[in-house]
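Below is one structure, written out as structure tokens; the observations come after it.
The values are calculated or read from the model by the stated rules, or taken from the named source; none is laboratory data. Everything numeric in this text was worked out from a predicted model, so none of it was measured. Virtual Cβ from ideal backbone geometry, glycine too; neighbours counted across all protein chains shown.
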Amino acid sequence: MASTIKIFCLTAVLLFLCSCKKEIEVTPEIPVTDVKPGTIGNTLTTAKNTKEFERLINNLVALRQEIMAQLPGLNPQECNALFEKHLTDINSLIIKAENEEKYLLNNYYNIVKYNETGLVYMPDWVKNETHLLAKAKLEIWDIGEGIVEIRAIPDYYKDLFARYVTPDYRAYIILTAEENKMLFDNDGAIAISWEDVGKRVFNWENYITKYPESKLYQNALDNYLYYQNAFLVGADNTPVMDYENNTEYPEVRNSFNSFIKKHPNSPTSPLIKMVLGFKGNQTELETLILQKQQLPGKTD
């Protein structure tokens, strides 16, 4: 893994973004003066196609209702297939909806205002579109550095499919839903605690050990190796150690020791011990970890 943490792309259509959002709390008590779409200050922009956006979102609502009606009559394997198809369908419709809402998404923080305590200003037309998205179980999600996108809420697939799919799909969906509630990285920095990174490593380690024959195995393996690497190496703006003094940062050292104590038989634990005794620079540490990463149950 390169030193700069990046969002990990899963294979095929099973794409889940690990990101964090500033919650958009639509509160009618907030006094607002409506801002007409198409303008920011005196800057004229392309007008939105509100009707097409509404049509696309309403299609997503109808699609979800259709699937809810289908699932009880299908066997678990058929539900797995429907889950995969729905991922493709919803991602396609979201991309189209985002294309219709380039104005709002590209200028979100010029239009909607926050302070240290939360939302302070949201124009009525943005409130309306936020409510429309909520009907389809979608939200505007901040992925860092002032960039927002439209996505399904974290529990979307869990609420819709978890009761009907096979155990491996259920475990994957539930685990990913929980992770999607927090942004993993932002601007070259890991955005969650080191303790929580370690939890993600162990959760995916458990998954690939329990479901080695799952169709989702490669996706889970990718997640495991990615989080394991991040846990052991860190990121550009959140390294695991002070390389000049060859000393781990206290939070990192504490989380490392905690992980080893809780999971002494994990293949990550001997790698942690390598990091704790490491002398060198970040590039050398990255190379070492990439060479030594291994699967659960495997040893050199």
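Determine whether Leu119 is in a helix (DSSP H, G or I) and in the same structural domain as Leu74 (by TED's automatic domain parsing). No.
Out of Val275, Val233, one residue alone is over 29 Å from Ile174 (Cα atoms), buried (at least 19 other Cβ atoms within 10 Å of the Cβ) and not basic (Lys, Arg). It is Val275.
List every residue pair whose Cβ atoms sit under 6 Å apart, with the two residues 6 or more apart in sequence or on different chains, where the first one lies in region 141-156 and is in the same structural domain as Glu84 (by TED's automatic domain parsing) and assigned to a loop (DSSP other than H, G, I, E, B) and the second, anywhere, is modelled with pLDDT of 95 or more and of a type in the set (Asp, Glu). Every condition considered, the pairs that remain are Ile153/Glu139. In region 93-123, of all residues being among the β-branched types (Val, Ile, Thr) and under 24 Å from Leu63 (Cα atoms), the one that is surrounded by the fewest Cβ atoms within 10 Å (Cβ to Cβ) corresponds to Ile95.
A single member of Lys181, Lys199, Lys158 is closer than 26 Å to Glu78 by Cα and either acidic (Asp, Glu) or surrounded by fewer than 21 Cβ atoms within 10 Å (Cβ to Cβ) (or both), and it is Lys158.
Among the residues of region 244-256, those that are in a loop (DSSP other than H, G, I, E, B) and in contact with a Phe, Trp or Tyr (Cβ under 9 Å, 6 or more places away or on another chain) comprise Asn246, Tyr249.
Where in region 157-240 are there helices (runs of 4 or more DSSP H), lying wholly inside it, with at least 1 residues that are not assigned by TED's automatic domain parsing to the domain that holds Leu276?
Values: elements: 167-179, 194-210, 217-233.
Answer list for region 157-240: 167-179.
All of Lys137, Lys113, Lys102 fail the test of being of a type in the set (Lys, Arg) and at pLDDT 95 or above, apart from Lys137.
All of (1) within 19 Å of His263 (Cα to Cα); (2) touching a helix residue (DSSP H, G or I) at 6+ places or on another chain (Cβ under 6 Å); (3) surrounded by fewer than 23 Cβ atoms within 10 Å (Cβ to Cβ) hold for Ser214 with one exception: (1).
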